[in-house]
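Below is one structure, written out as structure tokens, with a few remarks after it.
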Amino acid sequence: MQLVVARIGRAHGIKGEVTVEVRTDEPELRLGPGAVLATEPAGAGPLTIETGRVHSGRLLLRFEGVRDRTAAEALRNTLLIAEVDPDELPEDPEEFYDHQLMDLDVVLTDGTVVGRISEITHLPSQDLFIVERPDGSEVMIPFVEEIVTEIDLEEQRAVVVPPPGLIDESQAVIASSRGEDGEGDGEPGPGKDA
């Protein structure tokens, strides 16, 4: 099975290094020296990683045969794709690969069907499940343990305990900084002196 593990960014320096946007939780395994990666578009690869290093919080890679800034810049926006055994599991039992989570049924603790995971979005702060509901609409569910309480790969389901309003907007709780008597809004309330 092929998985996208990174996207090449801009060239860094003049010796062929590039920045990469990492799309794997295991960059040391997937993006280490000697790794051979397929590419999208296919004509750009395959690429073999020669060196890797972190600079100012970003991963920089150099590929065999890419020796200057012009060649590195030509790779910009290329996706790097690793071949992964579909039965392979992450080392941490609380972690999952995207392909394991795709198409899982999303249910509430009482068994009510919310929908099916159609996409996983990786944000800097957290991951989101994009869940297609039976009516065709979509809902975004943060993949955090307070909300997604169980992933059962054998049963092909994710159990969620959503806060009010996440699944059903009619249950949303509206927070207000204004008290019942007008306090907190910066304006004097009835019967108060300014």
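The values are calculated or read from the model by the stated rules, or taken from the named source; none is laboratory data. Nothing here was measured: the structure is a model prediction, and the numbers come from that model. Cβ placement follows ideal geometry from the backbone for every residue including glycine, while neighbour counts extend to all protein chains displayed. SASA here: full protein model, heavy atoms, side chains in, ligands and nucleic acids out. Shrake-Rupley method; radii C 1.70, N 1.55, O 1.52, S 1.80 Å.
At a glance:
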quantity	calculated
Filter result for GLY186 (modelled with pLDDT under 90, on the phi > 0 side of the Ramachandran plot and assigned to a loop (DSSP other than H, G, I, E, B))	yes
Some residue of the stretch 25-35 being more than 23 Å from TYR97 (Cα to Cα) and touching a residue at least 12 places away in the same chain (Cβ under 8 Å)	no
Exclusive hit being free of Cβ contacts under 8 Å to residues at least 60 places away in the same chain and among the hydrophobic types (A, V, I, L, M, F, W, C), set ALA44, ALA6, ALA11	ALA44
Members of the stretch 14-28 found to be modelled with pLDDT under 90 and open to solvent by less than 100 Å² (accessible area, probe 1.4 Å), listed by number	GLU21, VAL22, THR24, GLU26, PRO27
Residues (in contact with a strand residue (DSSP E or B) (Cβ under 8 Å, 6 or more places away or on another chain) and open to solvent by 20 Å² or more (accessible area, probe 1.4 Å)) located in the stretch 106-119	LEU108, THR109, VAL113, ARG116, SER118, GLU119
Matching option when the condition is exposed (fewer than 12 other Cβ atoms within 10 Å of the Cβ), in contact with a Lys or Arg (Cβ under 8 Å, 6 or more places away or on another chain) and in contact (Cβ under 8 Å) with a residue 40 or more places away in the chain, among ASP68, ASP103, ASP85	ASP103
